[in-house]
Amino acid sequence: MQFIKPETSFRPVHDLLMGGLSAKAVEAAVDLKVFDAMEAAPLPLETLAERLGFAGDRLEPLLDVLEAGGVIRKEAGGYAHTPLSGEFLVSTSPLYQGMSVKLNMRFFDAVQDSLSDFVSGREVACHDGDRSWSTEESIQGMGQYALGSGVVPVAELVAGLPGFDGFRSLCDLGGNHGLYTMAVLDRNEALRGTVCDLPPVAELLRARCDRLGYGDRIEAVGFDFRTEALPGGPYDLVLTSHILYAFRDDLAGAVRRIGESIRPGGWFVSHHCARDGRQGGRMGSAVLELQTRLCGYSSHFIEREELTAAFADAGFEDVRFRPVSAEDFALIGAARKAA
């Protein structure tokens, strides 16, 4: 037998494979309320194990994975929160992402065994289609993710649009959890919102709006943009968040159809993914794109140039863009319908 010394390292591939278990470690820590037991100051392993009722020798490697990923920190005195874990992974935090983590992992679990079939050209079904978005758990998970990412930046941009104080009608296309509408309504007491989504989603949203105190200002309407025109209107503002990518194969046509429901001088705002020249977060954007293609869409990303061209084709002007953050690969685009 001939033994050959490797000229390169297999480590990068090995680290990719280990990443799958790292994601499961985060999910397990959320399920087990590990982050709820932690504090800003370091706590010894024994104290955390006692609080959780776990064996220390089993808890320790889980904590070490979280520390290696930068989720928590480890010091001489034990394990402690980072600002990230304290803000997003403690169940009492207003920006808690527990259901968002579960939702992401559910989608990953659904697609990971189909990758070979997808790449080789065989038919795959990565999720249950419309039913995937029409459950209370999905709405809660997507709502948590929105609160931790785009809701406030989108509402700030909308509130800064010329004439916003005079807006009286808003349509949130594919609004799902309704949080973008609620955040915009909080900035204009005279504004009323219509959230249009699939009928099962709209039914759940009505109860959600009542529970959160927006029942008298938000109407939830069941419809399907794939086959129907936007109901109501003309609106002062139409808002979409992570919806346009589903119509990317005819982006200009989708923007044109949305524009038909906006009054002259009204605004269209899209919150969506865009690489926007960023080099950071390459793995995250690559995995998102793989998942998106697997689910039958051409891409999850719409760049500035593409949306600017679609705006122009549909008769919009005064185009403006704002990144959600320096770290995120999400972009907010806005344009005014010509008067």
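Key figures
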{"read-out": "Sole residue being farther than 17 Å from Ala220 by Cα, of a type outside the set (S, T, N, Q) and touching a strand residue (DSSP E or B) at 6+ places or on another chain (Cβ under 6 Å), chosen from Val111, Val154, Val119", "value": "Val154"}
{"read-out": "Residues of the stretch 164-200 that turn out to be of a type in the set (D, E, K, R) and not in a strand (DSSP E or B), as a count", "value": "5"}
{"read-out": "Long-range neighbours under 9 Å by Cβ, at least six apart or interchain, first residue free of Cβ contacts under 8 Å to residues at least 40 places away in the same chain and under 21 Å from Glu136 (Cα atoms) within the stretch 102-114, second among the small types (Gly, Ala, Ser) and outside any helix (DSSP H, G or I)", "value": "Ala110/Ala125"}
{"read-out": "Neighbours by Cβ (under 6 Å, 6+ apart or cross-chain): first from the stretch 54-75, outside the structural domain of Leu32 (by TED's automatic domain parsing); second modelled with pLDDT under 95 and surrounded by 15 or more Cβ atoms within 10 Å (Cβ to Cβ)", "value": "none"}
{"read-out": "Gly232 being in contact (Cβ under 8 Å) with a residue 40 or more places away in the chain, touching a strand residue (DSSP E or B) at 6+ places or on another chain (Cβ under 9 Å), surrounded by fewer than 17 Cβ atoms within 10 Å (Cβ to Cβ) and not basic (Lys, Arg)", "value": "yes"}
{"read-out": "Residues satisfying the stated conditions in the stretch 40-50, i.e. buried (at least 16 other Cβ atoms within 10 Å of the Cβ) and in a loop (DSSP other than H, G, I, E, B)", "value": "Pro42"}
{"read-out": "Filter result for Leu204 (surrounded by fewer than 17 Cβ atoms within 10 Å (Cβ to Cβ), of a type in the set (A, V, I, L, M, F, W, C) and over 22 Å from Gly333 (Cα atoms))", "value": "no"}
{"read-out": "Long-range neighbours under 8 Å by Cβ, at least six apart or interchain, first residue assigned by TED's automatic domain parsing to the domain that holds Phe164 and modelled with pLDDT of 95 or more within the stretch 255-269, second of a type in the set (D, E, K, R) and surrounded by fewer than 20 Cβ atoms within 10 Å (Cβ to Cβ)", "value": "Val255/Asp313; Arg256/Asp313"}
{"read-out": "Residue among Leu230, Leu191, Leu244 that is in contact with a Leu (Cβ under 9 Å, 6 or more places away or on another chain), in the same structural domain as Glu306 (by TED's automatic domain parsing) and more than 21 Å from Ala155 (Cα to Cα)", "value": "Leu230"}
{"read-out": "Residue match in the stretch 297-314 (condition: assigned by TED's automatic domain parsing to the domain that holds Gly259, more than 30 Å from Glu123 (Cα to Cα) and assigned to a strand (DSSP E or B))", "value": "no"}
{"read-out": "The listed residue being farther than 30 Å from Ala207 by Cβ and either of a type in the set (Ser, Thr, Tyr) or within 27 Å of the chain's Cα centre (by Cα) (or both), out of Ser138, Ser132, Ser120", "value": "Ser120"}
{"read-out": "Yes/no for Leu161 being in the same structural domain as Arg257 (by TED's automatic domain parsing), touching a Gly at 6+ places or on another chain (Cβ under 8 Å) and either surrounded by 18 or more Cβ atoms within 10 Å (Cβ to Cβ) or closer than 23 Å to Ser241 by Cβ (or both)", "value": "no"}
{"read-out": "Residue check, Leu251 of a type outside the set (Val, Ile, Thr), at negative phi and in a strand (DSSP E or B)", "value": "no"}
{"read-out": "Counted residues, the stretch 248-301 - those being crowded, with 21+ Cβ neighbours inside 10 Å and within 20 Å of the chain's Cα centre (by Cα)", "value": "9"}
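The values are calculated or read from the model by the stated rules, or taken from the named source; none is laboratory data. Since the model is a prediction, treat every value here as computed from it, not as a measurement. Note that each Cβ is placed from the backbone with ideal geometry, even for glycine, and that neighbours are counted across all protein chains shown.
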